[in-house]
Amino acid sequence: MTIQTVATTPFAGQRPGTSGLRKKVTEFQQPGYLENFVEAIFLTLGDCSGRTLVLGGDGRYFNRDAIQTILHMAAAHGVARMLVGRGGILSTPAVSCVIRKHGAFGGIVLSASHNPGGPDGDFGIKYNIENGGPAPEKVTEAIFAHTQTLSAYRISDAPPVNLDEIGTTSLEGMQVEVIDPVADYAELMGRLFDFDAIRALFKRGFTMKFDGMSAVSGPYARAIIEGVLGAPAGTVINGEPLEDFGGHHPDPNPVNAAELVALMNGPDAPDFGAASDGDGDRNMIVGRGIAVTPSDSLAIIAANATLAPGYAAGIKGIARSMPTSTAADRVAEALGISCFETPTGWKYFGNLMDAGMVTLCGEESYGTGSSHVREKDGLWAVLFWLNLLAVTGKPVEQFVAEHWARFGRNYYSRHDYEAVDATAADAMMAALCAKLPKLAGQTLGGYRVALADDFVYTDPVDGSVASKQGVRIVMSDGSRIVFRLSGTGTEGATIRVYLERYEADPARHHLETQQALSGLVAIADGVSELRQRTGRQRPSVIT
Ligand code: VG1
Ligand code: CO
């Protein structure tokens with residue numbers, strides 16, 4: 001068993017996007033492709049002696065191979081200790097939890113999250129730093145720079161490590177500790193929420209379906225919801241992580257979790273429905289006859305946070321990504337706390353949480369979380385809702401209706417145009433940006449434009465600046481249209497159009513969402529020339 005130095009040449013396009021490097025599995029399977037990126041991580045980290053790293057993934061196809069490669073490269077780079085989830089499994093929030101709990105130097109998460117898996121699907125890799133959160137841009141840029149210049153990688157030629165038994169082994173002197181993927185995370189959840197109240201709720205006959213979407217959150221949901229909280233077996237459906245997610249698209253939204261939504265709209269609906277994504281960091285909350293928008297979910301959690309023991313002392317502040325609706329802003333205002341608007345991607349929340357400026361964070365893309373870890377956390381959000389339902393006895397529908405009555409309703413929708421010709425998408429965004437300076441003050445379809453810009457974020461903690469983070473057109477009544485190009489897609493470009501309209505009057509809280517937003521949809525199409533430029537007549541996905 002020796003450490004090999006293997007000559008290699010750079011691959012183009014290894015720049016991490018919104019959340020790590022995501023490519024087709026077949027691209028990752030090219031000899032040296034994964035190794036180059038991992039070598040670039042180690043070159044960025046520098047001296048690893050004495051350091052502990054955490055490693056795990058969402059169990060998708062290629063996960064086990066990648067884990068072995070990374071372990072053998074970590075050993076070659078002198079890492080002292082690796083904590084690996086059994087079977088190579090760790091959800092994204094669990095990686096964050098384990099890094100923090102065990103004082104690790106960082107971690108590597110293997111996932112393409114909500115992207116489909118399997119031999120023809122996607123794979124991904126992401127580095128998380130000491131606080132448990134995604135590496136900030138200066139780190140991902142340093143990794144990218146190394147991918148463009150490296151000429152060799154180092155790897156041990158030792159036999160594969162047994163990932164299926166809890167315990168510690170040695171690899172070239174590096175300690176490999178295979179850990180229970182659920183235990184640390186479950187213990188943390190027990191400290192945040194009123195598990196006694198939730199147990200009593202299930203004892204009273206409360207019914208729920210949690211759709212694990214055949215992805216990583218199944219084992220976590222089974223252990224906590226069915227195990228610790230005593231929900232009946234069968235509460236968790238699609239609870240076994242499969243390498244191809246059963247052929248499904250593990251993105252919890254009303255389109256991909258249509259079965260769950262249909263069940264919740266039907267006569268035999270349970271009291272509560274929820275789902276999570278490929279790597280367990282997203283969540284969808286569904287009541288009888290209503291899928292709660294992620295933006296509303298963040299606002300409702302914020303408004304009621306003190307009902308959960310872990311948040312009883314109150315929340316310090318809220319942060320939301322720019323395209324996320326402004327529902328949470330209204331709650332922050334009522335609570336007299338700050339609300340921050342950040343670019344898309346969880347990495348922008350880390351500094352605010354580390355500095356103690358915010359407790360809750362959320363994104364419109366079914367992502368909600370808090371400073372308990374530094375990733376968004378799907379099951380955490382579901383447990384938060386269970387806690388709220390258990391201690392108030394109110395159903396989801398009532399929570400939402402009462403919230404709208406108090407704060408007003410932010411009608412919200414995202415229209416995605418997937419696999420668009422990248423050149424056409426870039427040209428559309430460029431033309432749109434060129435129009436922005438003249439838009440403010442204009443009247444479009446009955447709305448007066450108050451602000452039109454390409455969003456720039458200056459981090460209030462370290463002063464770092466992120467520019468070109470999405471075009472926003474804000475109307476004088478607070479309604480908004482936002483355009484962004486996705487940073488997680490693996491085919492052509494994905495254009496996201498985000499639409500938001502605020503309605504204070506409870507008499508107008510019962511419109512159909514797409515109808516309520518139709519005026520803004522027409523403006524968005526006109527101003528962006530999306531249809532002419534892309535040839536697309538309608539969105540690929542509406543959520
Ligand atoms: C999307 C979402 C973004 C989220 C990111 C990672 O990014 O819009 O809000 O943080 O996915 O989520 P983009 O660049 O495609 O819009 V996950 O659950 O895929 O790690
Ligand atoms: Co995810």
Name the single residue that is surrounded by the fewest Cβ atoms within 10 Å (Cβ to Cβ) among those in region 91-116 being under 29 Å from Val6 (Cα atoms) and within 16 Å of ligand 2 (Cβ to nearest atom). Ile108
Across region 510-537, which residue is farthest from Cys433 (Cα to Cα) among those that are assigned to a loop (DSSP other than H, G, I, E, B) and among the charged types (D, E, K, R)? Glu512
Of all residues making up region 201-237, the number that are polar (S, T, N, Q) and over 23 Å from the mean Cα position of the chain (by Cα): 2
Pick from region 377-397 the residues that are touching a residue at least 60 places away in the same chain (Cβ under 8 Å) and not in a helix (DSSP H, G or I): which of them is farthest from ligand 1 (Cβ to nearest atom)? Pro395
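Quick grid of which residues meet (1) farther than 14 Å from Asp459 by Cβ; (2) modelled with pLDDT under 95; (3) more than 10 Å from ligand 1 (Cβ to nearest atom); (4) among the aliphatic types (A, V, I, L, M):
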| site | (1), (2), (3), (4) |
| --- | --- |
| Asp329 | yes, no, yes, no |
| Ala334 | yes, no, yes, yes |
| Pro343 | no, no, no, no |
| Glu375 | yes, no, no, no |
Pull up region 124-145, narrow it to residues that are closer than 19 Å to Glu35 by Cβ and in a strand (DSSP E or B), then point me to the one that is farthest from ligand 2 (Cβ to nearest atom). Tyr127
Which pairs do you get when a residue that is at positive phi, found in region 261-289, comes within reach of a residue that is small (Gly, Ala, Ser), reach meaning Cβ atoms under 8 angstrom, with the pair 6+ apart or on two chains? Gly280/Ser91; Gly280/Ala94; Gly280/Ala215; Gly280/Ser217; Gly280/Gly378; Gly289/Ala269
Does Leu83 qualify as being more than 16 Å from ligand 1 (Cβ to nearest atom), within 19 Å of the chain's Cα centre (by Cα) and not in a helix (DSSP H, G or I)? no
Applying the selection to region 475-503, what residues are more than 16 Å from ligand 1 (Cβ to nearest atom) and surrounded by fewer than 20 Cβ atoms within 10 Å (Cβ to Cβ)? Ser476, Asp477, Gly478, Tyr502, Glu503
Taking first residues from region 106-123 that are closer than 10 Å to Thr92 by Cα and assigned to a loop (DSSP other than H, G, I, E, B) and second residues anywhere that are of a type in the set (Val, Ile, Thr) and more than 10 Å from ligand 2 (Cβ to nearest atom), the pairs with Cβ under 7 Å that are 6 or more apart or on different chains are none
Out of (1) in a loop (DSSP other than H, G, I, E, B); (2) under 26 Å from Gln532 (Cα atoms); (3) hydrophobic (A, V, I, L, M, F, W, C), the odd one out for Ala431 is which? (1)
For the list (1) crowded, with 24+ Cβ neighbours inside 10 Å; (2) among the hydroxyl-bearing types (Ser, Thr, Tyr); (3) away from ligand 2 (no atom under 16 Å from the Cβ), I need the number of the one condition that Thr235 fails. (1)
Strands (runs of 3 or more DSSP E) wholly inside region 1-78 that include at least 3 residues being assigned by TED's automatic domain parsing to the domain that holds Lys376 and crowded, with 17+ Cβ neighbours inside 10 Å: none
Hey, does region 209-226 have a residue that's farther than 30 Å from Val541 by Cα, at pLDDT 95 or above, buried (at least 23 other Cβ atoms within 10 Å of the Cβ) and not assigned by TED's automatic domain parsing to the domain that holds His415? yes
State the number of residues belonging to region 365-402 that are touching a Cys at 6+ places or on another chain (Cβ under 9 Å) and buried (at least 24 other Cβ atoms within 10 Å of the Cβ). 8
Pairing a residue in region 432-446 that is under 18 Å from Gly519 (Cα atoms) with any residue that is at pLDDT below 95 and surrounded by 15 or more Cβ atoms within 10 Å (Cβ to Cβ), where Cβ atoms lie under 6 Å and the two sit 6 or more apart in sequence or on different chains, gives none
Within region 238-262, of all residues that are surrounded by fewer than 19 Cβ atoms within 10 Å (Cβ to Cβ) and among the aliphatic types (A, V, I, L, M), the one farthest from the chain's Cα centre (by Cα) is Ala262
Of the residues in region 453-474, those that are loosely packed, with under 13 Cβ neighbours inside 10 Å and either outside the structural domain of Met429 (by TED's automatic domain parsing) or closer than 15 Å to Pro437 by Cβ (or both) come to Val456
Hey, which of the strands (runs of 3 or more DSSP E) in region 146-219, taking only ones fully inside, have at least 2 residues that are under 17 Å from Thr235 (Cβ atoms) and hydrophobic (A, V, I, L, M, F, W, C)? 208-211
Can you tell me how many residues within region 463-505 are among the basic types (Lys, Arg), touching an Asp or Glu at 6+ places or on another chain (Cβ under 6 Å) and within 26 Å of Pro116 (Cβ to Cβ)? 1
Go through the residues of region 495-509 one by one and say whether even a single one is part of a loop (DSSP other than H, G, I, E, B) and either within 25 Å of Thr140 (Cα to Cα) or among the aliphatic types (A, V, I, L, M) (or both). yes
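The values are calculated or read from the model by the stated rules, or taken from the named source; none is laboratory data. What you are looking at is a predicted structure, and each value in this text was computed from that prediction instead of being measured. Every residue, glycine among them, receives a Cβ derived from its backbone with ideal geometry; neighbour counts consider all protein chains shown.
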